[in-house]
Amino acid sequence: MIELRNITKKFYQKTKAITALSDVSLTVPEGKIFGVIGASGAGKSTLIRCVNLLEKPTSGEVIVAGQNLMNLSSKQLAKARRHIGMIFQHFNLLSSRTVFENVAFSLELDHTPKQEIQKRVSDLLSLVGLDEKHHDYPVNLSGGQKQRVAIARTLASNPKVLLCDEATSALDPATTKSILSLLKDINKRLNITILLITHEMDVVKDICDEVAVISEGKLIEQGAVSEVFSHP
Ligand code: ADP
Ligand code: ADP
């Protein structure tokens, strides 16, 4: 469902080039939860941002749901990105909008009929366990609740793929567990393929089917979670 082929990403600064990713290849099969783990500065964030071309690789191919994103016009890319949801460490909700309005936002941009928005947003908020919070503003929510809103918001556009950029790193251990369990539920019930990056081993062990270890811009190990972490 997601395939990165020989991705290299260099950032050019005044006098030098930083190689953030060096010949990275990975395949995330449909329906799986794939984790990329590594230390700070290893290239995780750059890697996940290459999947929807928020960062454009210096070289290599990015294939999502059978489409080579590197070959698309900006209009086609915008369309393809609708099927690639993303959630972040700091949620990135719109603070001037209620929970309902945050989730409805992309549907409104699409001119979805009002009744349909009402039904769809209610269903999504129900799915993420926020039935009672339609009219609350983000500032009045806990971190876990904010991440639930962000998940509902991204599900509104029917993604095939969900990218999770350190999605639980700002949350306490109990809340982390509950968000991971929601992600697993979404993966199973909606058959959404998940790629996540994290610096926390527990996240990978909890929900990932497969894992890759990244260090200094290179994938140094890749496989089933049980294989990769059973080494001495
Ligand atoms: P991680 O997410 O694992 O902490 P990043 O992908 O953020 O790692 O960063 C990988 C490397 O690329 C680091 O050396 C970082 O400083 C560098 N880097 C990331 N983004 C930029 C940028 N926009 N400009 C220059 N260097 C960057
Ligand atoms: P975080 O540090 O929370 O993981 P990132 O560094 O990955 O966030 O993202 C940087 C900024 O780019 C975010 O503040 C966000 O506003 C913006 N952004 C990037 N991609 C998206 C996207 N797909 N949808 C909405 N905002 C995005």
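The values are calculated or read from the model by the stated rules, or taken from the named source; none is laboratory data. Here the structure is a predicted model, which is why all the values come from computation and not from measurement. When we count neighbours, we look across all protein chains shown, and the Cβ atoms used for this are built from the backbone with ideal geometry, even at glycine. These accessible areas exclude ligands, DNA and RNA; they are computed on the full protein's heavy atoms, side chains included. Shrake-Rupley method; radii C 1.70, N 1.55, O 1.52, S 1.80 Å.
A few points about this structure:
- First in region 186-213 and farther than 17 Å from residue 127 by Cβ, second anywhere and aliphatic (A, V, I, L, M) and open to solvent by 60 Å² or more (accessible area, probe 1.4 Å), Cβ under 9 Å, 6 or more apart: 199/39; 212/220; 213/220
- Single condition residue 112 does not satisfy, out of (1) farther than 30 Å from residue 27 by Cα; (2) within 16 Å of ligand 1 (Cβ to nearest atom): (2)
- Here the condition is being assigned to a helix (DSSP H, G or I), within 16 Å of ligand 1 (Cβ to nearest atom), at pLDDT 95 or above and crowded, with 16+ Cβ neighbours inside 10 Å; of 47, 53, it holds for 47 alone.
- Output for region 156-210, where each listed residue is at positive phi and more than 13 Å from ligand 2 (Cβ to nearest atom): 158, 191
- For region 1-48, a tally of residues being touching a Lys or Arg at 6+ places or on another chain (Cβ under 9 Å), of a type outside the set (S, T, N, Q) and farther than 16 Å from residue 222 by Cα returns 7.
- Condition check for residue 141: over 22 Å from residue 197 (Cα atoms) and open to solvent by less than 20 Å² (accessible area, probe 1.4 Å): yes
- When 28, 24 are checked against the criterion of being within 16 Å of ligand 1 (Cβ to nearest atom), among the aliphatic types (A, V, I, L, M) and open to solvent by less than 10 Å² (accessible area, probe 1.4 Å), 24 stands alone in meeting it.
So that you can scan it fast, the table gives a plain yes or no per residue for (1) more than 21 Å from residue 47 (Cβ to Cβ); (2) open to solvent by 50 Å² or more (accessible area, probe 1.4 Å); (3) within 13 Å of the chain's Cα centre (by Cα); (4) aromatic (Phe, Trp, Tyr):
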| residue | (1), (2), (3), (4) |
| --- | --- |
| 160 | no, yes, yes, no |
| 164 | no, no, yes, no |
| 172 | yes, yes, no, no |
| 194 | no, no, yes, no |
| 199 | no, yes, no, no |
| 203 | no, no, no, no |
| 206 | no, yes, no, no |
| 213 | no, no, no, no |
| 216 | no, yes, no, no |
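- Filter result for residue 220 (more than 17 Å from the chain's Cα centre (by Cα) and of a type outside the set (D, E, K, R)): yes
- Being at pLDDT below 95 and either in a helix (DSSP H, G or I) or surrounded by fewer than 18 Cβ atoms within 10 Å (Cβ to Cβ) (or both) holds for only one residue in 78, 104, 39, and it is 78.
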